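The values are calculated or read from the model by the stated rules, or taken from the named source; none is laboratory data. Since the model is a prediction, treat every value here as computed from it, not as a measurement. Here Cβ is always computed from backbone atoms with ideal geometry, including for glycine, and neighbour counts include all displayed protein chains. The protein model used for the area step is the full one, side chains on, heavy atoms only, and it has no ligands, DNA or RNA in it. Shrake-Rupley method; radii C 1.70, N 1.55, O 1.52, S 1.80 Å.
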Amino acid sequence: MASKFQVPRGTRDILPGESERWVVLESSTRDVLSRYGYREVRTPIFEATDLFVRSVGEATDIVRKELYTFEDRKGRSLTLRPEGTAPLVRAYLEHSLGQTDPLTRLYYIGPMFRYERPQAGRYRQFWQIGAELLGPAAPAADVEMIDLFYWILRAAGLAEITVHVNSLGDATCRPVYRERLRDYFTAQSDRLCGDCRERLKTNPLRILDCKVPSCQPVLAGAPSVLDSLCEPCREHFDAVRAGLDALGISQETAPRLVRGLDYYTRTVFEAYAAELGAQNAVGGGGRYDELVREFGGPATPAIGFSIGMERLLMATGPLEVGQPARPDACVVAREPSATWEALKFARSLRNVDRYDPQDALRVMVDPGGRSASAQLKWASKIGARFAVFVPPDPDGYPVRDMEAGKDEAKQKSAESLRHWLLERRRQVGPAPEGAAR
Ligand code: AMP
(Lines give C-alpha, C1' and ligand atoms only; values in the text may rest on other atoms or scores of the structure.)
Protein backbone atom coordinates (compact mmCIF):
# COMPACT_ATOMS: atom_id res chain seq x y z
CA MET A 1 0.00 0.00 0.00
CA ALA A 2 1.58 3.24 -1.12
CA SER A 3 1.72 6.17 1.29
CA LYS A 4 2.88 9.70 0.66
CA PHE A 5 5.12 9.36 3.70
CA GLN A 6 7.92 7.05 4.73
CA VAL A 7 9.74 6.47 7.98
CA PRO A 8 12.75 8.86 8.24
CA ARG A 9 16.05 7.47 6.96
CA GLY A 10 17.88 5.41 9.56
CA THR A 11 14.77 4.80 11.67
CA ARG A 12 12.36 1.88 11.68
CA ASP A 13 8.87 0.91 12.76
CA ILE A 14 8.60 -1.95 15.22
CA LEU A 15 5.52 -3.82 14.05
CA PRO A 16 3.27 -6.41 15.69
CA GLY A 17 5.07 -9.73 15.53
CA GLU A 18 8.35 -8.01 16.36
CA SER A 19 7.03 -5.75 19.12
CA GLU A 20 6.15 -8.83 21.21
CA ARG A 21 9.84 -9.71 21.21
CA TRP A 22 10.63 -6.22 22.52
CA VAL A 23 8.18 -6.64 25.36
CA VAL A 24 9.74 -9.99 26.31
CA LEU A 25 13.25 -8.51 26.16
CA GLU A 26 12.23 -5.54 28.27
CA SER A 27 10.62 -7.71 30.90
CA SER A 28 13.47 -10.23 31.14
CA THR A 29 15.87 -7.29 31.45
CA ARG A 30 13.84 -5.48 34.08
CA ASP A 31 13.59 -8.71 36.00
CA VAL A 32 17.37 -9.27 36.05
CA LEU A 33 18.02 -5.60 36.91
CA SER A 34 15.58 -5.69 39.78
CA ARG A 35 17.17 -8.86 41.19
CA TYR A 36 20.49 -6.98 41.30
CA GLY A 37 18.74 -4.10 43.08
CA TYR A 38 18.54 -1.60 40.20
CA ARG A 39 15.70 0.91 39.86
CA GLU A 40 14.57 2.73 36.76
CA VAL A 41 14.99 6.39 35.88
CA ARG A 42 13.13 7.86 32.89
CA THR A 43 14.72 11.07 31.70
CA PRO A 44 13.49 13.32 28.87
CA ILE A 45 14.69 12.39 25.38
CA PHE A 46 16.20 15.86 24.93
CA GLU A 47 18.59 17.78 27.15
CA ALA A 48 20.69 20.94 27.02
CA THR A 49 23.25 20.45 24.24
CA ASP A 50 26.11 21.32 26.57
CA LEU A 51 25.39 18.29 28.75
CA PHE A 52 26.53 16.00 25.94
CA VAL A 53 29.32 18.19 24.59
CA ARG A 54 30.91 18.40 28.05
CA SER A 55 30.57 14.71 28.93
CA VAL A 56 30.77 12.67 25.72
CA GLY A 57 33.59 14.95 24.56
CA GLU A 58 34.09 17.57 21.89
CA ALA A 59 36.50 15.45 19.89
CA THR A 60 34.26 12.37 19.68
CA ASP A 61 32.41 11.39 16.51
CA ILE A 62 29.16 11.52 18.45
CA VAL A 63 29.55 15.21 19.28
CA ARG A 64 31.34 16.29 16.11
CA LYS A 65 29.04 14.68 13.58
CA GLU A 66 26.12 12.82 15.07
CA LEU A 67 24.07 15.06 17.35
CA TYR A 68 20.48 15.96 16.55
CA THR A 69 20.62 19.52 17.83
CA PHE A 70 17.89 22.15 17.51
CA GLU A 71 16.90 25.46 19.00
CA ASP A 72 13.59 25.77 20.74
CA ARG A 73 11.38 28.83 20.36
CA LYS A 74 13.32 30.70 23.03
CA GLY A 75 16.64 30.04 21.31
CA ARG A 76 17.88 27.39 23.79
CA SER A 77 20.12 24.78 22.21
CA LEU A 78 18.70 21.31 22.87
CA THR A 79 19.86 17.89 21.70
CA LEU A 80 18.11 14.54 21.32
CA ARG A 81 20.05 12.29 23.68
CA PRO A 82 22.74 10.25 21.90
CA GLU A 83 23.36 8.16 25.03
CA GLY A 84 21.91 7.63 28.49
CA THR A 85 24.70 8.10 31.02
CA ALA A 86 25.00 11.90 30.95
CA PRO A 87 21.21 12.43 31.42
CA LEU A 88 21.17 9.90 34.22
CA VAL A 89 24.08 11.55 36.03
CA ARG A 90 22.35 14.90 35.60
CA ALA A 91 19.19 13.49 37.19
CA TYR A 92 21.21 11.81 39.95
CA LEU A 93 22.69 15.17 40.94
CA GLU A 94 19.58 17.25 40.36
CA HIS A 95 17.53 15.04 42.72
CA SER A 96 20.38 14.20 45.15
CA LEU A 97 19.78 10.50 44.60
CA GLY A 98 23.13 9.67 46.21
CA GLN A 99 22.04 11.02 49.59
CA THR A 100 19.80 8.14 50.58
CA ASP A 101 22.20 5.42 49.51
CA PRO A 102 25.93 5.92 48.89
CA LEU A 103 25.76 3.01 46.45
CA THR A 104 23.17 4.08 43.93
CA ARG A 105 22.01 1.53 41.37
CA LEU A 106 19.97 2.96 38.49
CA TYR A 107 18.91 1.87 35.03
CA TYR A 108 17.20 3.22 31.93
CA ILE A 109 15.58 1.79 28.82
CA GLY A 110 14.80 4.07 25.92
CA PRO A 111 15.58 5.41 22.46
CA MET A 112 18.84 7.23 21.62
CA PHE A 113 19.56 9.36 18.56
CA ARG A 114 22.74 9.60 16.49
CA TYR A 115 23.11 10.92 12.97
CA GLU A 116 25.12 7.94 11.73
CA ARG A 117 25.37 6.37 8.31
CA PRO A 118 22.57 3.77 8.38
CA GLN A 119 23.55 0.16 7.80
CA ALA A 120 22.70 -3.26 9.21
CA GLY A 121 22.53 -2.91 12.98
CA ARG A 122 23.17 0.85 12.85
CA TYR A 123 20.26 3.24 13.07
CA ARG A 124 19.67 6.91 13.72
CA GLN A 125 17.13 6.10 16.38
CA PHE A 126 18.00 2.99 18.36
CA TRP A 127 17.16 1.66 21.80
CA GLN A 128 19.49 1.11 24.70
CA ILE A 129 19.26 -0.63 28.02
CA GLY A 130 21.73 0.96 30.43
CA ALA A 131 22.68 0.56 34.08
CA GLU A 132 24.85 2.74 36.31
CA LEU A 133 26.36 2.05 39.71
CA LEU A 134 27.41 5.29 41.42
CA GLY A 135 29.54 5.41 44.56
CA PRO A 136 32.01 2.55 44.77
CA ALA A 137 35.57 2.76 43.44
CA ALA A 138 36.58 -0.82 44.24
CA PRO A 139 37.23 -3.34 41.48
CA ALA A 140 34.42 -5.53 42.86
CA ALA A 141 31.97 -2.90 41.57
CA ASP A 142 33.38 -3.34 38.06
CA VAL A 143 33.07 -7.09 38.42
CA GLU A 144 29.47 -6.95 39.62
CA MET A 145 28.63 -4.58 36.76
CA ILE A 146 30.15 -6.83 34.11
CA ASP A 147 28.42 -9.81 35.73
CA LEU A 148 25.07 -7.99 35.49
CA PHE A 149 25.83 -6.99 31.89
CA TYR A 150 26.63 -10.60 31.07
CA TRP A 151 23.46 -11.99 32.67
CA ILE A 152 21.17 -9.50 30.97
CA LEU A 153 22.58 -10.74 27.68
CA ARG A 154 22.17 -14.36 28.77
CA ALA A 155 18.60 -13.79 29.96
CA ALA A 156 17.85 -12.29 26.53
CA GLY A 157 18.91 -15.56 24.93
CA LEU A 158 22.51 -14.91 23.86
CA ALA A 159 24.47 -18.09 24.35
CA GLU A 160 27.97 -17.21 23.21
CA ILE A 161 29.21 -14.00 24.71
CA THR A 162 32.78 -12.76 24.72
CA VAL A 163 33.50 -9.87 27.03
CA HIS A 164 36.48 -7.74 26.00
CA VAL A 165 38.06 -5.74 28.80
CA ASN A 166 40.68 -3.03 28.89
CA SER A 167 41.87 -0.24 31.16
CA LEU A 168 42.24 3.35 29.98
CA GLY A 169 44.18 4.44 33.07
CA ASP A 170 43.41 7.51 35.13
CA ALA A 171 44.43 11.17 35.41
CA THR A 172 47.97 10.10 36.37
CA CYS A 173 48.83 7.59 33.68
CA ARG A 174 46.49 8.42 30.80
CA PRO A 175 48.29 11.67 29.87
CA VAL A 176 51.55 9.71 29.67
CA TYR A 177 49.94 7.19 27.35
CA ARG A 178 48.34 9.95 25.30
CA GLU A 179 51.76 11.47 24.67
CA ARG A 180 53.25 8.11 23.71
CA LEU A 181 50.41 7.65 21.25
CA ARG A 182 50.82 11.16 19.91
CA ASP A 183 54.54 10.54 19.26
CA TYR A 184 53.79 7.22 17.55
CA PHE A 185 51.01 8.55 15.33
CA THR A 186 52.83 11.79 14.51
CA ALA A 187 55.66 9.72 13.06
CA GLN A 188 53.08 7.85 10.91
CA SER A 189 50.74 10.73 10.17
CA ASP A 190 51.07 10.51 6.37
CA ARG A 191 49.46 7.03 6.57
CA LEU A 192 46.46 8.26 8.57
CA CYS A 193 43.06 9.40 7.24
CA GLY A 194 42.07 13.08 7.44
CA ASP A 195 39.88 12.52 10.49
CA CYS A 196 42.70 10.78 12.33
CA ARG A 197 45.13 13.62 11.56
CA GLU A 198 42.56 15.91 13.13
CA ARG A 199 42.26 13.55 16.14
CA LEU A 200 46.02 13.66 16.52
CA LYS A 201 45.63 17.29 17.56
CA THR A 202 42.52 16.93 19.72
CA ASN A 203 42.66 13.46 21.28
CA PRO A 204 44.98 10.78 19.85
CA LEU A 205 43.19 8.05 21.84
CA ARG A 206 40.25 8.45 19.49
CA ILE A 207 42.45 7.26 16.60
CA LEU A 208 42.32 3.75 18.08
CA ASP A 209 38.57 3.88 17.41
CA CYS A 210 38.96 4.62 13.68
CA LYS A 211 37.22 2.18 11.34
CA VAL A 212 38.82 3.41 8.08
CA PRO A 213 40.58 0.37 6.52
CA SER A 214 43.73 2.26 5.48
CA CYS A 215 44.36 3.30 9.10
CA GLN A 216 44.22 -0.25 10.46
CA PRO A 217 47.88 -1.23 9.82
CA VAL A 218 48.99 1.91 11.68
CA LEU A 219 46.66 1.14 14.59
CA ALA A 220 47.93 -2.42 14.78
CA GLY A 221 51.42 -1.22 15.67
CA ALA A 222 50.34 1.39 18.24
CA PRO A 223 51.71 1.14 21.79
CA SER A 224 49.45 -0.66 24.26
CA VAL A 225 47.79 1.29 27.05
CA LEU A 226 48.48 -1.62 29.37
CA ASP A 227 52.21 -0.89 29.22
CA SER A 228 51.57 2.66 30.46
CA LEU A 229 49.27 2.00 33.44
CA CYS A 230 50.37 3.41 36.80
CA GLU A 231 50.60 0.99 39.71
CA PRO A 232 47.12 1.64 41.20
CA CYS A 233 45.48 1.32 37.77
CA ARG A 234 47.35 -1.88 37.06
CA GLU A 235 46.29 -3.35 40.42
CA HIS A 236 42.70 -2.33 39.77
CA PHE A 237 42.71 -3.94 36.34
CA ASP A 238 44.31 -7.15 37.63
CA ALA A 239 41.70 -7.36 40.38
CA VAL A 240 38.86 -6.90 37.87
CA ARG A 241 40.19 -9.71 35.74
CA ALA A 242 40.69 -11.96 38.77
CA GLY A 243 37.11 -11.20 39.89
CA LEU A 244 35.69 -12.07 36.48
CA ASP A 245 37.59 -15.34 36.56
CA ALA A 246 36.23 -16.05 40.04
CA LEU A 247 32.68 -15.49 38.78
CA GLY A 248 33.25 -17.60 35.69
CA ILE A 249 32.75 -14.79 33.16
CA SER A 250 34.87 -15.52 30.10
CA GLN A 251 36.89 -12.49 29.09
CA GLU A 252 39.57 -11.35 26.72
CA THR A 253 41.96 -8.48 27.31
CA ALA A 254 41.61 -6.00 24.42
CA PRO A 255 44.36 -3.36 24.72
CA ARG A 256 42.99 -1.31 21.82
CA LEU A 257 39.45 -1.04 23.16
CA VAL A 258 38.88 2.69 23.85
CA ARG A 259 35.11 3.19 23.30
CA GLY A 260 33.65 6.22 21.56
CA LEU A 261 33.05 8.48 24.56
CA ASP A 262 35.57 10.58 26.45
CA TYR A 263 34.32 10.22 30.02
CA TYR A 264 35.73 6.75 30.69
CA THR A 265 38.53 6.09 33.20
CA ARG A 266 40.16 2.76 34.04
CA THR A 267 37.96 -0.23 33.17
CA VAL A 268 36.18 -0.35 29.81
CA PHE A 269 34.45 -3.37 28.33
CA GLU A 270 32.42 -4.52 25.36
CA ALA A 271 30.53 -7.68 24.48
CA TYR A 272 30.40 -9.37 21.12
CA ALA A 273 27.93 -11.98 19.97
CA ALA A 274 28.95 -14.63 17.45
CA GLU A 275 25.82 -13.80 15.41
CA LEU A 276 26.75 -10.14 14.84
CA GLY A 277 30.38 -10.33 13.82
CA ALA A 278 33.40 -8.49 15.17
CA GLN A 279 32.42 -5.03 13.89
CA ASN A 280 29.27 -4.74 15.92
CA ALA A 281 29.39 -4.85 19.69
CA VAL A 282 26.11 -5.76 21.33
CA GLY A 283 26.92 -3.50 24.25
CA GLY A 284 29.67 -1.91 26.25
CA GLY A 285 30.52 0.24 29.19
CA GLY A 286 33.13 1.42 31.59
CA ARG A 287 34.12 3.33 34.66
CA TYR A 288 33.69 7.10 34.72
CA ASP A 289 35.16 8.32 38.00
CA GLU A 290 35.35 12.01 37.07
CA LEU A 291 31.97 12.66 35.41
CA VAL A 292 29.90 13.42 38.51
CA ARG A 293 32.49 15.95 39.65
CA GLU A 294 32.68 17.47 36.18
CA PHE A 295 28.92 18.03 36.40
CA GLY A 296 29.46 19.98 39.63
CA GLY A 297 28.77 17.17 42.11
CA PRO A 298 30.96 15.64 44.82
CA ALA A 299 33.74 13.25 43.80
CA THR A 300 31.78 10.08 43.02
CA PRO A 301 33.31 7.10 41.28
CA ALA A 302 30.89 5.29 38.99
CA ILE A 303 30.61 2.57 36.40
CA GLY A 304 27.95 1.69 33.84
CA PHE A 305 27.11 0.04 30.54
CA SER A 306 24.63 0.16 27.72
CA ILE A 307 23.29 -2.54 25.45
CA GLY A 308 21.83 -1.95 22.00
CA MET A 309 18.38 -3.54 21.92
CA GLU A 310 18.13 -3.87 18.12
CA ARG A 311 21.51 -5.62 18.07
CA LEU A 312 20.54 -7.89 20.94
CA LEU A 313 17.28 -8.83 19.22
CA MET A 314 19.08 -9.38 15.90
CA ALA A 315 21.54 -11.68 17.63
CA THR A 316 18.75 -13.79 19.13
CA GLY A 317 16.36 -14.10 16.17
CA PRO A 318 15.06 -12.38 13.06
CA LEU A 319 13.69 -8.86 13.30
CA GLU A 320 10.51 -8.09 11.37
CA VAL A 321 8.41 -11.20 11.72
CA GLY A 322 5.03 -9.47 11.37
CA GLN A 323 2.81 -12.42 12.30
CA PRO A 324 -0.72 -12.14 13.66
CA ALA A 325 -1.53 -13.27 17.19
CA ARG A 326 -4.31 -15.88 17.19
CA PRO A 327 -7.39 -15.31 19.33
CA ASP A 328 -8.71 -18.05 21.59
CA ALA A 329 -12.21 -17.23 20.44
CA CYS A 330 -14.28 -14.91 18.28
CA VAL A 331 -17.78 -13.93 19.33
CA VAL A 332 -20.16 -13.87 16.37
CA ALA A 333 -23.34 -11.76 16.41
CA ARG A 334 -26.00 -13.85 14.67
CA GLU A 335 -28.08 -10.72 13.93
CA PRO A 336 -27.03 -7.07 13.67
CA SER A 337 -29.27 -6.45 16.70
CA ALA A 338 -26.94 -8.70 18.77
CA THR A 339 -23.84 -6.54 18.23
CA TRP A 340 -23.86 -4.95 21.70
CA GLU A 341 -24.39 -8.35 23.26
CA ALA A 342 -21.41 -9.71 21.31
CA LEU A 343 -19.18 -6.90 22.56
CA LYS A 344 -20.35 -7.38 26.13
CA PHE A 345 -20.09 -11.16 26.06
CA ALA A 346 -16.55 -10.95 24.62
CA ARG A 347 -15.61 -8.62 27.45
CA SER A 348 -16.84 -11.01 30.10
CA LEU A 349 -14.82 -13.83 28.49
CA ARG A 350 -11.71 -11.63 28.66
CA ASN A 351 -12.35 -11.16 32.36
CA VAL A 352 -10.47 -7.86 32.30
CA ASP A 353 -11.71 -6.65 35.68
CA ARG A 354 -9.69 -9.38 37.41
CA TYR A 355 -6.60 -9.35 35.28
CA ASP A 356 -4.41 -12.38 35.70
CA PRO A 357 -2.00 -13.12 32.85
CA GLN A 358 -2.44 -16.87 33.42
CA ASP A 359 -6.16 -16.56 32.85
CA ALA A 360 -6.12 -14.06 29.99
CA LEU A 361 -8.08 -15.22 27.00
CA ARG A 362 -7.75 -13.30 23.77
CA VAL A 363 -11.28 -12.80 22.49
CA MET A 364 -12.21 -10.74 19.43
CA VAL A 365 -15.34 -9.43 17.76
CA ASP A 366 -15.76 -8.31 14.17
CA PRO A 367 -17.30 -4.86 14.63
CA GLY A 368 -17.80 -4.31 10.92
CA GLY A 369 -21.57 -4.92 11.00
CA ARG A 370 -21.27 -7.86 8.60
CA SER A 371 -23.30 -11.04 8.22
CA ALA A 372 -22.72 -14.00 10.56
CA SER A 373 -21.09 -15.99 7.76
CA ALA A 374 -18.73 -13.10 6.94
CA GLN A 375 -17.81 -12.87 10.64
CA LEU A 376 -17.08 -16.61 10.67
CA LYS A 377 -14.88 -16.31 7.60
CA TRP A 378 -12.94 -13.54 9.28
CA ALA A 379 -12.60 -15.60 12.49
CA SER A 380 -11.14 -18.42 10.47
CA LYS A 381 -8.81 -16.09 8.57
CA ILE A 382 -7.29 -14.69 11.74
CA GLY A 383 -6.84 -18.18 13.15
CA ALA A 384 -9.41 -18.12 15.96
CA ARG A 385 -9.68 -21.47 17.71
CA PHE A 386 -13.35 -21.25 18.53
CA ALA A 387 -16.37 -19.20 17.48
CA VAL A 388 -19.16 -18.51 19.94
CA PHE A 389 -22.60 -17.32 18.85
CA VAL A 390 -24.83 -14.73 20.46
CA PRO A 391 -27.64 -14.47 21.30
CA PRO A 392 -27.61 -17.96 22.86
CA ASP A 393 -30.10 -20.74 22.15
CA PRO A 394 -32.45 -21.58 25.03
CA ASP A 395 -30.08 -24.45 26.05
CA GLY A 396 -26.84 -22.42 25.92
CA TYR A 397 -24.22 -20.71 23.75
CA PRO A 398 -23.28 -22.61 20.57
CA VAL A 399 -19.52 -23.10 20.18
CA ARG A 400 -17.71 -24.13 17.03
CA ASP A 401 -14.23 -25.58 16.82
CA MET A 402 -12.87 -23.62 13.86
CA GLU A 403 -9.98 -25.94 13.12
CA ALA A 404 -11.99 -29.16 13.19
CA GLY A 405 -15.05 -27.42 11.67
CA LYS A 406 -17.37 -29.13 14.17
CA ASP A 407 -19.79 -27.97 16.86
CA GLU A 408 -18.97 -28.46 20.53
CA ALA A 409 -21.40 -28.90 23.42
CA LYS A 410 -23.25 -25.65 24.18
CA GLN A 411 -22.14 -23.67 27.20
CA LYS A 412 -24.57 -22.39 29.83
CA SER A 413 -22.89 -19.08 30.69
CA ALA A 414 -19.94 -16.81 29.97
CA GLU A 415 -18.29 -18.13 33.13
CA SER A 416 -18.59 -21.79 32.17
CA LEU A 417 -17.41 -21.01 28.64
CA ARG A 418 -14.45 -19.10 29.98
CA HIS A 419 -13.35 -22.06 32.11
CA TRP A 420 -13.90 -24.44 29.23
CA LEU A 421 -11.77 -22.28 26.88
CA LEU A 422 -9.02 -21.98 29.49
CA GLU A 423 -9.08 -25.73 30.02
CA ARG A 424 -8.79 -26.33 26.29
CA ARG A 425 -5.88 -23.95 26.16
CA ARG A 426 -4.16 -25.71 29.05
CA GLN A 427 -4.52 -28.99 27.17
CA VAL A 428 -3.05 -27.80 23.87
CA GLY A 429 -1.09 -24.68 24.91
CA PRO A 430 -1.76 -21.10 23.83
CA ALA A 431 -2.40 -20.51 20.16
CA PRO A 432 1.02 -20.23 18.52
CA GLU A 433 1.83 -16.82 17.05
CA GLY A 434 1.43 -16.61 13.35
CA ALA A 435 -0.35 -19.89 12.68
CA ALA A 436 -3.38 -18.21 11.11
CA ARG A 437 -4.71 -19.64 7.89
P1 AMP B 1 27.82 3.15 22.79
O2 AMP B 1 26.89 4.03 23.57
O3 AMP B 1 28.30 3.78 21.53
O4 AMP B 1 28.86 2.55 23.61
O5 AMP B 1 26.92 1.94 22.29
C6 AMP B 1 26.45 0.93 23.13
C7 AMP B 1 25.67 -0.05 22.32
O8 AMP B 1 24.55 0.62 21.73
C9 AMP B 1 26.42 -0.61 21.13
O10 AMP B 1 27.18 -1.72 21.51
C11 AMP B 1 25.31 -0.99 20.19
O12 AMP B 1 24.74 -2.23 20.56
C13 AMP B 1 24.29 0.09 20.44
N14 AMP B 1 24.39 1.15 19.42
C15 AMP B 1 25.21 2.22 19.41
N16 AMP B 1 25.00 2.98 18.31
C17 AMP B 1 24.01 2.38 17.62
C18 AMP B 1 23.32 2.66 16.41
N19 AMP B 1 23.59 3.74 15.68
N20 AMP B 1 22.36 1.81 15.99
C21 AMP B 1 22.06 0.70 16.72
N22 AMP B 1 22.67 0.38 17.87
C23 AMP B 1 23.63 1.20 18.31
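Quick notes
- Along its principal axes, the range 318-412 has C-alpha extents of 49, 31, 26 angstrom, given from the largest down.
- Accessible area of ARG425 in the full protein assembly, 1.4 Å probe (Å², nearest 10): 40 Å²
- Share of Cα-Cα pairs in the range 278-437 lying beyond 21 Å, as whole percent: 59 percent
- Normalised convex hull volume, the range 61-107, alpha-carbon set, Å³ per residue: 100 Å³
- Listed by chain and number, the lysines whose alpha-carbon sits under 22 Å from that of LYS211, ignoring those within fewer than 8 places in the same chain, are LYS65, LYS201.
- Virtual spin-label span in nm between GLU408 and LEU319, 7 Å along Cα→Cβ: 4.0 nm
- Residue with peak Gaussian network fluctuation, the chain [Cα springs, cutoff 10 Å], from THR60, THR267, THR339: THR339
- The HN-Hα couplings worked out from phi for the range 167-182 by the Karplus form 6.51 cos²θ - 1.76 cosθ + 1.60 (θ = phi - 60°) are 10, 9, x, 10, 5, 7, 9, 5, x, 5, 5, 4, 5, 4, 5, 4 Hz, whole numbers, x standing for Gly and Pro.
- Cα pair distances in the range 137-197, grouped into 5 Å bins until the bin that holds the longest one, percent each: 4, 13, 13, 14, 12, 12, 11, 15, 6, 0
- Placed amide H near PHE386: partners under 5 Å, 5+ positions off or other chain: ALA329, CYS330, MET402
- All Cα pairs of the range 243-373, percent lying beyond 26 Å: 58 percent
- Projected onto planes of every orientation and averaged, the convex hull of the alpha-carbon atoms in the range 187-247 covers 5.7 nm².
- With the simple model of a label 7 Å out from the Cα in the direction of the Cβ, SER189 to GLU71 spans 3.6 nm.
- Ellipsoid equivalent to the chain - semi-axes via the Cα gyration tensor, in Å: 54, 23, 21
- Rounded Å value of the spacing that divides the Cα centres of the range 236-312 and the range 140-214: 10 Å
- In the elastic network of the chain, a GNM with C-alpha springs shorter than 10 Å, the most mobile of GLU18, GLU290, GLU341 is GLU341.
- Viscosity 0.890 mPa s, 25 °C: Kirkwood-radius Stokes-Einstein D of the range 162-205 over Cα pairs, µm²/s: 213 µm²/s
- Mean Cα-pair separation over length for the chain, i.e. relative contact order, pairs under 8 Å, 6 or more apart, %: 15 percent
- All lysines inside 28 Å of LYS412 as judged from Cα atoms, apart from same-chain residues fewer than 8 positions distant: LYS344, LYS377, LYS381
- The range 89-162 - convex hull of alpha carbons, volume per residue in Å³: 137 Å³
- Stretch gain in nm, segment GLN216-THR100, where the contour uses 0.36 nm per residue and the Cα spacing is subtracted: 37.0 nm
- The range 356-426, Cα convex hull volume normalised per residue, Å³: 104 Å³
- All Cα pairs of the range 122-233, percent lying beyond 18 Å: 64 percent
- Quarter the surface of the alpha carbon convex hull of the range 7-147 and you get the mean projected area, 10.7 square nanometres.
- Three-way shape call for the range 1-77 based on the alpha-carbon gyration tensor, with the a/c threshold at 1.5: oblate
- Selected from ALA360, ALA379, ALA239 as most flexible by GNM, with the chain as the system and alpha-carbon contacts under 10 Å: ALA360
- Kirkwood hydrodynamic radius (C-alpha pairs) into Stokes-Einstein, the range 249-317, 10 °C and 1.306 mPa s, D in µm²/s: 118 µm²/s
- Under-5 Å amide H pairs with ALA254, H placed in peptide plane, nonlocal only: VAL165, ASN166
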